[in-house]
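Following: one structure in structure tokens, then a few remarks.
Computed from the coordinates by the stated procedures, all read-outs in this text should not be read as laboratory data. Keep in mind it's a predicted model, so treat the numbers as computed, not measured. Cβ: placed from backbone, ideal geometry, glycine included. Neighbour counts: every protein chain shown.
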Amino acid sequence: MPTTNTSGRRKTAVARIYLSDGSGNITVNGKNYTEYFPTLPLQYIVNQSLEVSGSAGKFDINVNVAGGGVKGQAEAVRLAIAKAIVELNPEAKSGLRAKGLMTRDDRMVERKKPGRRKARKRFQFSKR
């Protein structure tokens, strides 16, 4: 099987993955994913697409991820893996979509507006 590459995004995190046949090794920025994402909830997020599609342990995945925080990066990796699995096996799409793993979460930080402290917070108002 040739290598499949896809990308996933969440907030400002961008994950590019290279998926190929293998024994289930997941490498993130040159480290094992359990080192890069040390907590169990983050590791669960990374593995979620593989577990739902039933392809855990079938692929080696090499991930390059940048930007954002660790949670956003984990969710970006999850989306990229789901997209790669669907590219290889279109029948898996319905199960992944039912769990909400095929949807790009487009919520971003709102920009700061001029004349304000933050995006919506105003400077203190003094009547007199």
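Roughly how many debye, to the nearest 20, is the charge dipole of the chain about its Cα centre, given +1 on each Lys and Arg Cβ, -1 on each Asp and Glu Cβ, and no other charges? Write down the numbers at each step before the final one.
Values: 25 positive and 10 negative charges, 382 e Å.
My answer is approximately 1840 debye.
Pop out the ³J(HN,Hα) list for the stretch 25-37 in order, Karplus 6.51 cos²θ - 1.76 cosθ + 1.60 with θ = phi - 60°, rounded to Hz; leave Gly and Pro as x.
So the Karplus estimates, Gly and Pro as x, are 6, 10, 10, 10, 6, x, 10, 5, 5, 6, 7, 6, 10 Hz.
With θ set to phi - 60° and the Karplus curve 6.51 cos²θ - 1.76 cosθ + 1.60, what are the ³J(HN,Hα) couplings of the stretch 114-123 in order, to the nearest whole Hz, using x for Gly and Pro?
x, x, 10, 6, 10, 5, 10, 5, 9, 5
By a straight-distance test (C-alpha under 20 Å), which lysines pair with Lys118 as possible cross-link partners, with residues fewer than eight away in the same chain excluded?
Correct list for Lys118: Lys11.
Hey, which of these cross-link pairs are over 31 Å Cα-Cα: Lys99/Lys121; Lys93/Lys113; Lys71/Lys113?
Lys99/Lys121; Lys93/Lys113
Local charge sum around Thr6 (other residues, Cβ-Cβ under 13 Å, Lys/Arg +1, Asp/Glu -1)?
Once all neighbours under 13 Å are counted, the net charge is +4.
Quick one: 3J(HN,Hα) in Hz for the stretch 49-65, Karplus 6.51/-1.76/1.60 with θ = phi - 60°, rounded, Gly and Pro as x.
Each residue of the stretch 49-65 in turn: 5, 5, 5, 5, 7, x, 10, 5, x, 9, 10, 9, 10, 10, 10, 10, 10 Hz.
If I take all pairs of Cα atoms in the chain, what percentage of them are more than 25 Å from each other?
That fraction is 31 percent.
Can you give me the long-range amide H partners of Phe59? Hydrogens built in the peptide plane at 1.01 Å from N, cutoff under 5 Å, separation of 5 or more residues or another chain.
Gly22, Gly24
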